[in-house]
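Here's the structure, in structure tokens; my notes come after.
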Amino acid sequence: MAARVPAAELNQHRSSPFAASHCRRPRDAAPQAPLRVASRTPRRTEESNRIICRAAEVQGAGGGARRRREPLRRGAVSARLPVPDHIPRPPYVGADAIPDVCPDRQVHDGESIMRMLDACELAARVLQYAGTLVKPAVTTDEIDRAVHQMIVDAGAYPSPLGYGGFPKSVCTSVNECTCHGIPDSRELQDGDIINIDVTVYLNGYHGDTSRTYFCGDVDEPTKQLVKVTEECMMRGISACRHGASFKDIGQRISEHASKYGYGIDPFVGHGVGRIFHCEPIIWSTCQTFTIEPTLSMGSTQCVLWDDGWTAVAADGSLSAQFEHTVLVTRDGVEILTGSP
């Protein structure tokens, strides 16, 4: 589940993981202080250059025709699913407020690394299963129910459920939904793309992973967006090492995305472990965090629906996201949520 932390330089100001300068909230939503971003390139020039590059790429040999589609419409949201009483809850369950990003880094010893690995392996299995459910006419609510059942059957808690009042057990972000999509009654359509973001809480630790899936027959420009987004994640992971900084990861991701003219949305990654969202700064071995770039075909400006969660591209452009939880080691980095 993405924290709203830009892949650029961060200063010392901290805020809720879901506050962002790039997202416009409804007028009746409570204002939240954004994480401040210091950019070395003027935003207007950067945006103009990216749009030019994107247009050239789409019109080039690898472009192809983009399929016309209807704007994303919200469906009906069903009641929250129950979790058996014997399954331990994360501390935030029951509180309506979204927790602030914790300033503590998630650094582990041998025992906690094994617990992190167990949580991450379960998250990876659940995500793999969820991906098999993606078909035209399937609803995201059906995916949520299946994911929820698999998680609780394993004795774990679905981390998104009750996080700041989030009503479901998984995030399902379709087409122009950047992240934090709430599963509902809308049926998936042929040609859609959907990011499924799974986080589980097992034995006191969170494992977090996501992937963007194709629904039916998807056009070539959309396939390229998804492919490049996954490549950006892997390039970001390759920058992780003892002593590296969050900025190093963001630079590696940004360099690759800019080759294709894609924008990087302000939802990237966060520390994870006993705490769902904490500081992403990398300092030492045995630290765990997520790498989760979100790329857009158009503007990185987004609009937050009045449900307080669903972030949608302001210009309706498609977005894709991939995510792994990783562990910094003495020799580099280990992906904890790799495919089972």
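The values are calculated or read from the model by the stated rules, or taken from the named source; none is laboratory data. Fair warning: this is a prediction, and the values are worked out from it, not measured in the lab. Backbone-built Cβ (ideal geometry, glycine too); neighbour counts: all protein chains shown.
Given the structure, is residue 130 modelled with pLDDT of 80 or more, of a type in the set (A, V, I, L, M) and under 30 Å from residue 340 (Cα atoms)? For residue 130, the condition - modelled with pLDDT of 80 or more, of a type in the set (A, V, I, L, M) and under 30 Å from residue 340 (Cα atoms) - is met.
Restricting the range 215-229 to residues that are touching a strand residue (DSSP E or B) at 6+ places or on another chain (Cβ under 8 Å) and not in a loop (DSSP other than H, G, I, E, B) leaves a set whose member that is surrounded by the fewest Cβ atoms within 10 Å (Cβ to Cβ) is 223.
Report, ordered by the first and then the second residue, all pairs with beta carbons closer than 8 Å, sequence separation of six or more or different chains, a first member in the range 173-195 that is under 15 Å from residue 297 (Cβ atoms) and in contact (Cβ under 8 Å) with a residue 12 or more places away in the chain, and a second member that is acidic (Asp, Glu) and in a loop (DSSP other than H, G, I, E, B). Within 8 Å, the pairs are 174/192; 175/192; 178/265; 191/217; 191/219.
Select from the range 316-340 the residues that are in a loop (DSSP other than H, G, I, E, B) and more than 20 Å from residue 126 (Cβ to Cβ) and list them in ascending order. Passing the criteria: 316, 317, 318, 329, 330, 331, 332. Output yes when any residue across the range 146-163 is part of a helix (DSSP H, G or I), of a type in the set (Gly, Ala, Ser) and in contact with a Pro (Cβ under 9 Å, 6 or more places away or on another chain), and no when none is. Checked against the condition, which is being part of a helix (DSSP H, G or I), of a type in the set (Gly, Ala, Ser) and in contact with a Pro (Cβ under 9 Å, 6 or more places away or on another chain), the range 146-163 yields no hits at all. Of the residues 58, 83, which is modelled with pLDDT of 90 or more and surrounded by 14 or more Cβ atoms within 10 Å (Cβ to Cβ)? Going through 58, 83 in turn, the sole match is 83. Entry remark, the range 238-266: residues being within 20 Å of the chain's Cα centre (by Cα) and not in a loop (DSSP other than H, G, I, E, B) number 16 in total. Restricting attention to the range 226-273 and to residues that are of a type in the set (Val, Ile, Thr) and under 17 Å from residue 329 (Cα atoms), the residue that is modelled with the lowest pLDDT turns out to be 272. Every test in (1) in contact (Cβ under 8 Å) with a residue 60 or more places away in the chain; (2) of a type in the set (S, T, N, Q); (3) out of contact with any Ser or Thr (no Cβ under 6 Å at 6 or more places or on another chain); (4) closer than 30 Å to residue 284 by Cα is passed by residue 245 save one, and that test is (1). For the range 175-188, a residue qualifies if it is buried (at least 23 other Cβ atoms within 10 Å of the Cβ) and either β-branched (Val, Ile, Thr) or in contact with a Lys or Arg (Cβ under 8 Å, 6 or more places away or on another chain) (or both), and the qualifying residues are 175, 178, 182, 183, 188.
Out of 117, 133, I need the residue that is touching a residue at least 40 places away in the same chain (Cβ under 8 Å) and closer than 24 Å to residue 322 by Cβ. Which one? The conditions single out 117.
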